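Enquirer: Sending over a structure as structure tokens; questions will come in a sec.
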Amino acid sequence: MPKILDGKKLAQEIELILQQAIESGLEVAKRPPGLAVLRVGNDPASGVYVNFKEKACDRIGVRSFAKHLKEDISLEELTETIKSLNQEKNIDGILLQLPLPSHLDEDALLSSIDPDKDADGLHPLNLGRLIKGEKGPRSCTPAGVMSLLERNQIKIEGKRAVVVGRSILVGKPMALMLEAANATVTIAHSRTKDLPSLTREADVLVVAAGKPYLIGKNDVSENCVVIDVGIHRLPPDQENMKELKKTKLCGDVKIFEIEDKVAAYSPVPGGVGPMTVTMLLANTVDRWQKHCGLPLTISHLLP
Ligand code: NAD
């Protein structure tokens, strides 16, 4: 098992598989896969993520239909936009970039996406499918974590897994996927008492708390595999104060403290982030194969 779980490299390998799947299906499908990415308002981080996703589509031959909608769009107007994308034949996947402006009802909007075009796997029907162990689009970040573990030959079965965070986006589906892979799973959250005593027992620790540097060397055991989902932009340090753009990224884990102690870890950047984008592409290509009546050759990439 490699010590550093390189998400960037693995994402490139999987993108190649997806690209080949597209090339070999184009003749029958007569159109490339289509992904609609909806961005609402001007959240700068969302702008960066949407940009990554569009570039990734370009790299592998997915046609991207990006829509940048105004901050004060009404729930009705946005629902209508989603419904028209549901009907659009050239679109196989729809992604609503989160977070949304506070006046919009996230649950209602995610539920209005056709579950069969749910590129982010967050529709209630697809979350239900995950609970039941049925195939379907999977939440991209936890799916990316599972792929990172599996492709690095990290055995999950029978292991003690701890997930820090219980969001619908990451923590909950993550716990379900680990449980489906036969780990014994504990979910920790902001009300959990004595977090270190739990995390120290983990063979696999997935940290998705959204708290920079929450986990350090006293919170992990030596045989632990640590997956850092968190992503934060640190304020510029003294050295680069003059160049505000030179900010550094960090995760929820103090990698510099644990890297010499644990069995393996995912870095930030270059760990879970690239895998999330790749799983979005995998969901989209899988939908495309289904919509175009092609053999489902890549569904094994989704947990
Ligand atoms: P969220 O804020 O919705 O959920 C955070 C969860 O962590 C909550 O369930 C909360 O109870 C728990 N939590 C908070 N503080 C805690 C503490 N001190 N101890 C234990 N639990 C605590 O966040 P999210 O959407 O799940 O995202 C989590 C992190 O992952 C964020 O940093 C986000 O930016 C990052 N993220 C990264 C990717 C990626 O592709 N790398 C994708 C999605 C989210």
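Enquirer: Taking the range 98-155 only, how many residues are within 23 Å of A181 (Cβ to Cβ) and not basic (K, R)?
Expert: Of the residues in the range 98-155, the ones within 23 Å of A181 (Cβ to Cβ) are 118-155.
Keeping just the survivors that are not basic (K, R) gives 118-128, 130-131, 133-134, 136-137, 139-150, 152-154.
Count: 32.
Enquirer: Is one or more of the residues making up the range 261-283 part of a helix (DSSP H, G or I) and of a type in the set (F, W, Y)?
Expert: No.
Enquirer: Given the criteria aliphatic (A, V, I, L, M), more than 13 Å from the ligand (Cβ to nearest atom), touching a Ser or Thr at 6+ places or on another chain (Cβ under 7 Å) and more than 28 Å from A45 (Cα to Cα), does V220 qualify?
Expert: yes
Enquirer: Follow-up. Applying the selection to the range 224-250, what residues are part of a loop (DSSP other than H, G, I, E, B) and either touching a Lys or Arg at 6+ places or on another chain (Cβ under 8 Å) or modelled with pLDDT of 95 or more (or both)?
Expert: Scanning the range 224-250 gives C224, V229, G230, L234, P236, D237, T247, K248.
Enquirer: Please go through the range 174-187 and give me each residue that is near the ligand (Cβ under 10 Å from one of its atoms) and in contact with a Lys or Arg (Cβ under 8 Å, 6 or more places away or on another chain), ordered by number.
Expert: Selection gives I187 alone.
Enquirer: Let me ask something else about it. Which of the residues spanning the range 145-170 are within 13 Å of the ligand (Cβ to nearest atom) and crowded, with 18+ Cβ neighbours inside 10 Å?
Expert: Selection gives V145, S147, L148, V162, V163, V164, G165, R166, L169, V170.
Enquirer: Looking at the range 130-142, which of its residues are away from the ligand (no atom under 11 Å from the Cβ) and of a type outside the set (K, R)?
Expert: Within the range 130-142, L130, I131, G133, E134, G136, P137 meet the criteria.
Enquirer: Suppose we filter the range 99-129 for residues that are part of a helix (DSSP H, G or I), free of Cβ contacts under 8 Å to residues at least 60 places away in the same chain and of a type in the set (D, E); how many remain? Spell out how you get there, then give the answer.
Expert: So in the range 99-129, the residues part of a helix (DSSP H, G or I) come out as 106-112, 115-117, 124-129.
If we keep only those that are free of Cβ contacts under 8 Å to residues at least 60 places away in the same chain as well, we get 106-112, 115, 124-129.
Checking which are of a type in the set (D, E) leaves us with 106-107.
Number of matching residues: 2.
Enquirer: For D203, work out the one condition from (1) within 12 Å of the ligand (Cβ to nearest atom); (2) of a type in the set (D, E, K, R); (3) buried (at least 17 other Cβ atoms within 10 Å of the Cβ) it doesn't fulfil.
Expert: Going through the list (1) within 12 Å of the ligand (Cβ to nearest atom); (2) of a type in the set (D, E, K, R); (3) buried (at least 17 other Cβ atoms within 10 Å of the Cβ), D203 breaks only (1).
Enquirer: Filter the range 188-200 down to the residues that are surrounded by fewer than 19 Cβ atoms within 10 Å (Cβ to Cβ) and either of a type in the set (S, T, N, Q) or within 13 Å of the ligand (Cβ to nearest atom) (or both) and list them by number.
Expert: H189, S190, R191, T192, K193, D194, L195, P196, S197, L198, listed by residue number.
The values are calculated or read from the model by the stated rules, or taken from the named source; none is laboratory data. All values reported here derive from a predicted model rather than from experimental measurement. For neighbour counting, all protein chains shown are included, and Cβ atoms are generated from backbone atoms with ideal geometry for every residue, glycine included.
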